[in-house]
Each structure stands twice: as structure tokens, then as C-alpha cells.
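Enquirer: If you scroll down you'll find the structure; I have some questions about it.
The values are calculated or read from the model by the stated rules, or taken from the named source; none is laboratory data. Only a predicted model underlies this, so the values are computations on that prediction, with no experimental measurement involved. Cβ placement follows ideal geometry from the backbone for every residue including glycine, while neighbour counts extend to all protein chains displayed. Keep in mind that these areas ignore ligands, DNA and RNA; they rest on the heavy atoms of the full protein, side chains included. Shrake-Rupley method; radii C 1.70, N 1.55, O 1.52, S 1.80 Å.
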Amino acid sequence: MKKTGMKIWKLAGMGFLLFAAFALVGGRTAYAAKEEEYTYTVRLYAGNQGVLTEEGIEVSSSSASVNFGRDCTEITGLKYGDAVYIRPQDAAASADEKYYVRGVRRSGRDNSEAEAPSFRVASDRDYVVAYAISGDMAAYRVNYLDMDGNQIMESDVYYGNIGERQYVSSRYVDGYQPQALNMVKTLSANEAENVFDFQYTPVTEPDSTPESTAPAGVQTPAPAPAEPEATGEDDQPGAEIPEEDVPLGGDLTANNGRQDGDGSEDEDGQKDVMDIDDETVPLAPGLGSHGEQSGILMGYMPVYIGIGAAAGAILALAAVYLGKRQKRPAVDRTDMERKTDGRKRRS
């Protein structure tokens, strides 16, 4: 009896493991295919204390569409890994002189959980412009330079409270990549110290030169590389979206980096956030290359639920089978021997 039960449990365990392996492989394949086809949407809401200016947002993808509105700007058609650049001070304007645009934060979160304004896309996201009370203000300058220190785009000048950690976004420049998507620095009363220098390097395109069709022995000259050109933002009008009613105001001190990311570098050496105050101190731990969303495991949740349901069914069947075996009446060996002896005597 015990041996039979052990065999059943072993068979059930082996069946479960095989089912789990096939289900997991199939689920990963289906999820990967779905992820390749899926496009993401990012929304920026103006909040209750200001309006959007219908500018200050750029994307690295030509397939994405930016639909500007006074209360909400919606970016659609984004693919995994596309870069979104939000300059909050240009994207929104405060409706009350008591407040100024401080940055952006995730919808439904407090201003103390502010996000770095630029990031690589890994999921659908909703952001809200965050405002802070104006205090002792100081100007800070944002420069966009090449590796030789030459300007490739006109500098921007903004204002913030002295002593506060200010997050600053880089800008999209066609054909170039900044060394970091964002920078952070504590603003000083000495405005000469409040400088953010984004250094850009040319983006090297993969070699796609077609094979030569010239006869053997004849060399064809290689085409000259095209000079990258700096372009401005591409404003596209769009329909307005109702404003999200969330409380604003307060201090912004926390950084969640790119999509809750950190100061790590991706495969191209680009950082999420560069801390100018102390670049040797790592920021809050987060995600790796291209801001992989912390909830990516949720994509496998249907697979895990299926595996759990199958395992439960197998265990239930095994329990029912063992229960029936235990309920069978035991055979009295003495009675059987007596009946056998009686048959022999009669014969």
C-alpha cells in the first residue's frame, strides 16, 4: 500500500515538473512576442496649480506621436527602450506666483517621491507636474556641449530654491547621445556654481553599406558618412485630456531615477542620473539597462497561475485516489482459508 502511494506521488511530481517546464517555456515565448509588438503610452498632467505650455517634451523615436494639450500631453507609439525627455520648467507654467515648477512625479505619489524627468520607456506611465513654494531663488544654467566643449544647442536658464537638490533633464539632439539622461545638484547661492554641463557624443550607426557589385579587381569608394544635424523639438498639436485631480506642493527631495532607476550605465555608457555633488556616491538601487520595469515579472503571472492550478489538480486527484484505496475493506485471510478448506471437503 505504502509503495503504491509513493509511486503515485512520484508520477504526479514528474508530471507536474514536465507541465511546469512546458508552460514556462511557452509563456516566455508568448510574452516575448507580445512585448515586441506592444507600444507604450506616457502621459504628463498639468496638475491643479498650473497649465501645460504645449512644449518642453521630446522623444528619440520617430514612430512616437506627441499630442500636446493644456491639461495633459500624451505620448503614444513608444517602443521599449525609447528615450523620453521632459523639461518640466518648459513643459508647464505655474498659475500662481507663489509657486514655481519644481519637477515631475508619478501620478498618485507625493512630491517627495519625485522622478527624474527623462527616462527610457519600459512601461505605460502617468506623470504629474510638481510645484514648490518659491523661497530664496537662484538661477542655474544648463549647457549642451560636444566632447570638445563647443555648444551644440543654446543653453537654458532656470530658477530654483537655494539649498534644494535640483534634477535637470538633458535634451534630445538628433545624431548625438548625452553622457547622462539627467543630472542632479544642490543649488548654491553662488550662481556661478549652478552649472549643468551635458556632454554629447555622436551616435555610431551600424555598418549597413551594401555589398559591392563591381567586377572582381575593381574597387568602389566607400560613401562619406553623413554629418549629424541638431534639431529642435517637434511640436504636434493634439486633443486635450481631462486633468487629474491630485494634491501638489511641498518639497522634492527623493529621486527614483529613470523609471525607478539608478545611476547605472547602459550598454552605451549612458547614465540614468549623474550626481554632480558627488559622482562617486551611487544613487538609490534600482533597475539596470534601459530601465527594466520592476513589474516585468507580472507578465509571467498567468503562467505561474496556470502552473499552480495544474499542480493543485494533480495533488487533488492523487489524494482522491489514495483515499479510495484506504477505504477498501481489508480481506480476512482466515475466512478465505476456511472457505477454501470447505470447498475441498465437499469435492
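Enquirer: Listed residues VAL142, VAL157; which is in contact with a Lys or Arg (Cβ under 9 Å, 6 or more places away or on another chain) and open to solvent by less than 50 Å² (accessible area, probe 1.4 Å)?
Expert: The unique qualifying residue is VAL142.
Enquirer: Sticking with this structure for a sec: Please find, within region 155-174, the residue that is modelled with the lowest pLDDT out of those that are among the hydroxyl-bearing types (Ser, Thr, Tyr) and either assigned to a strand (DSSP E or B) or under 16 Å from VAL195 (Cβ atoms) (or both).
Expert: Filtering first and then ranking leaves TYR167.
For (1) open to solvent by less than 10 Å² (accessible area, probe 1.4 Å); (2) within 22 Å of PRO178 (Cα to Cα); (3) among the β-branched types (Val, Ile, Thr), each residue gets a yes or a no:
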position: THR39; (1), (2), (3): no, no, yes
position: SER63; (1), (2), (3): no, yes, no
position: CYS72; (1), (2), (3): yes, no, no
position: ALA122; (1), (2), (3): yes, yes, no
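Enquirer: Okay, next question. Can we say GLY108 is touching a residue at least 60 places away in the same chain (Cβ under 8 Å) and closer than 22 Å to GLU74 by Cα? Outline the logic, then answer.
Expert: Values: touching a residue at least 60 places away in the same chain (Cβ under 8 Å): yes; closer than 22 Å to GLU74 by Cα: yes.
Judged against the criteria, GLY108 is a match.
Enquirer: For region 46-61, which residues satisfy the criterion of being open to solvent by less than 40 Å² (accessible area, probe 1.4 Å) and free of Cβ contacts under 8 Å to residues at least 60 places away in the same chain?
Expert: Once the filter is applied, which keeps residues that are open to solvent by less than 40 Å² (accessible area, probe 1.4 Å) and free of Cβ contacts under 8 Å to residues at least 60 places away in the same chain, region 46-61 yields only SER61.
Enquirer: Can you tell me which residue among ASP148, ASP136 is farther than 28 Å from TYR40 by Cβ and without any contact (Cβ under 8 Å) to a residue 12 or more places away in the chain?
Expert: ASP148
Enquirer: Could you look through region 68-103, keep only residues that are of a type in the set (Lys, Arg) and over 21 Å from the mean Cα position of the chain (by Cα), and pick out the one that is nearest to TYR167 (Cα to Cα)? Walk me through it before giving the result.
Expert: In the first step, residues of region 68-103 are kept if they are of a type in the set (Lys, Arg); the result is 70, 79, 87, 98, 102.
From what's left, over 21 Å from the mean Cα position of the chain (by Cα): 70, 98, 102.
Details: ARG70: 24, LYS98: 21, ARG102: 9 Å.
Top of the filtered list is ARG102.
Enquirer: Tell me, which residue of region 175-196 that is among the polar types (S, T, N, Q) and assigned to a loop (DSSP other than H, G, I, E, B) is surrounded by the fewest Cβ atoms within 10 Å (Cβ to Cβ)?
Expert: ASN190
Enquirer: Could I ask something else about it? Looking at (1) on the phi < 0 side of the Ramachandran plot; (2) open to solvent by 10 Å² or more (accessible area, probe 1.4 Å), which is the one condition that is false for GLY149?
Expert: (1)
Enquirer: In the list VAL101, VAL129, which residue meets the criterion of being crowded, with 18+ Cβ neighbours inside 10 Å, free of Cβ contacts under 8 Å to residues at least 60 places away in the same chain and either aromatic (Phe, Trp, Tyr) or farther than 29 Å from VAL203 by Cβ (or both)? Walk me through how you get there before you give the answer.
Expert: Numbers: VAL129 fails: free of Cβ contacts under 8 Å to residues at least 60 places away in the same chain.
VAL101 is the lone residue from the list that is crowded, with 18+ Cβ neighbours inside 10 Å, free of Cβ contacts under 8 Å to residues at least 60 places away in the same chain and either aromatic (Phe, Trp, Tyr) or farther than 29 Å from VAL203 by Cβ (or both).
Enquirer: For region 109-154, give me each residue that is part of a loop (DSSP other than H, G, I, E, B), among the hydrophobic types (A, V, I, L, M, F, W, C) and touching a helix residue (DSSP H, G or I) at 6+ places or on another chain (Cβ under 8 Å).
Expert: Once the filter is applied, which keeps residues that are part of a loop (DSSP other than H, G, I, E, B), among the hydrophobic types (A, V, I, L, M, F, W, C) and touching a helix residue (DSSP H, G or I) at 6+ places or on another chain (Cβ under 8 Å), region 109-154 yields VAL121, ALA122.
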